[in-house]
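Asks: The structure under discussion is supplied below as structure tokens; questions concerning it will follow.
The values are calculated or read from the model by the stated rules, or taken from the named source; none is laboratory data. As the structure is a computational prediction, the values presented were derived from the model and not from experiment. For neighbour counting, all protein chains shown are included, and Cβ atoms are generated from backbone atoms with ideal geometry for every residue, glycine included.
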Amino acid sequence: MATTQGLVIINTGHGKGKTTAAFGQALRAVGQGLQVCIIQFIKGEGKSGEALAVTAAFPGQVALHLAGTGFTWKQDREIVKAAALEGWQLAREKILSNVYDLIVLDELTYLITLDLVPEEEILDLFRERPQRLHLIITGRDATQGLIEYADLVTEMRAIKHPFQKGVTAQKGIEF
């Protein structure tokens, strides 16, 4: 029997689709009978369409946790920091629990770029994870340390977006 080697996968860049791709990977894992945990940092003003769908369809296989407070630029930094640190502690517990096969850390890159959690603390936890655990990290501006540690990095690049023409976010498309 082959030993599973957990991979660290990063979806980064300024283009649309990072979270959607991570949820697609989570859906693929669930289809293969794997246990999945999704922790969404930053996002918190309501569940996205993909979060609603995956938790409704697979209540015993997908654990979803909203660990953010919404748009960070609209809030007091201390509120954002408190939510992020609480979410980081939850991530630590889930990663070390050895319960899950795949954990999605949605928007984790912002914990580093907003100076909420040191990059080295995050990398230290990743090094401690069970060998079989797959991690997916999403968010803009993945740091060089994260990129070097990862096994697979994909950059989403914005070429054209309807927002540039004044079209606002639409239910079922952006959220």
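Asks: What are the residues in segment 102-129 that are under 18 Å from CYS37 (Cα atoms) and basic (Lys, Arg), if any?
Replies: Within segment 102-129, ARG129 is the sole residue that qualifies.
Asks: Follow-up. Can you find a residue in segment 83-94 that is closer than 24 Å to GLU155 by Cα, part of a loop (DSSP other than H, G, I, E, B), hydrophobic (A, V, I, L, M, F, W, C) and at pLDDT 95 or above?
Replies: Looking for residues that are closer than 24 Å to GLU155 by Cα, part of a loop (DSSP other than H, G, I, E, B), hydrophobic (A, V, I, L, M, F, W, C) and at pLDDT 95 or above, one finds none in segment 83-94, hence no.
Asks: Restricting the search to segment 5-18, which residues are polar (S, T, N, Q) and touching a helix residue (DSSP H, G or I) at 6+ places or on another chain (Cβ under 7 Å)?
Replies: Once the filter is applied, which keeps residues that are polar (S, T, N, Q) and touching a helix residue (DSSP H, G or I) at 6+ places or on another chain (Cβ under 7 Å), segment 5-18 yields ASN11, THR12.
Asks: Kindly indicate the residue of segment 94-116 that is polar (S, T, N, Q) and out of contact with any Pro (no Cβ under 6 Å at 6 or more places or on another chain) and also farthest from ALA29 (Cα to Cα) among those meeting that condition.
Replies: Restricting to residues being polar (S, T, N, Q) and out of contact with any Pro (no Cβ under 6 Å at 6 or more places or on another chain), the top hit is THR113.
Asks: How many of the residues in segment 26-52 are over 14 Å from TYR100 (Cα atoms), of a type outside the set (A, V, I, L, M, F, W, C) and either part of a helix (DSSP H, G or I) or at pLDDT 95 or above (or both)?
Replies: 4
Asks: Further, regarding this structure: If I filter segment 121-175 down to residues being among the hydrophobic types (A, V, I, L, M, F, W, C), part of a helix (DSSP H, G or I) and in contact with a strand residue (DSSP E or B) (Cβ under 8 Å, 6 or more places away or on another chain), which single residue comes out as surrounded by the most Cβ atoms within 10 Å (Cβ to Cβ)?
Replies: LEU146
Asks: Anything in segment 99-120 that is assigned to a loop (DSSP other than H, G, I, E, B) and either in contact (Cβ under 8 Å) with a residue 24 or more places away in the chain or in contact with a Phe, Trp or Tyr (Cβ under 8 Å, 6 or more places away or on another chain) (or both)? List them, or say none.
Replies: Residues satisfying the conditions are VAL99, TYR100, ASP101, GLU107, LEU108, LEU114, LEU116, VAL117.
Asks: Being closer than 12 Å to THR12 by Cβ and surrounded by 15 or more Cβ atoms within 10 Å (Cβ to Cβ) is the requirement here; does GLU107 meet it?
Replies: yes
Asks: Tell me yes or no: at least one residue of segment 40-49 is surrounded by 16 or more Cβ atoms within 10 Å (Cβ to Cβ) and farther than 17 Å from ILE136 by Cβ.
Replies: yes
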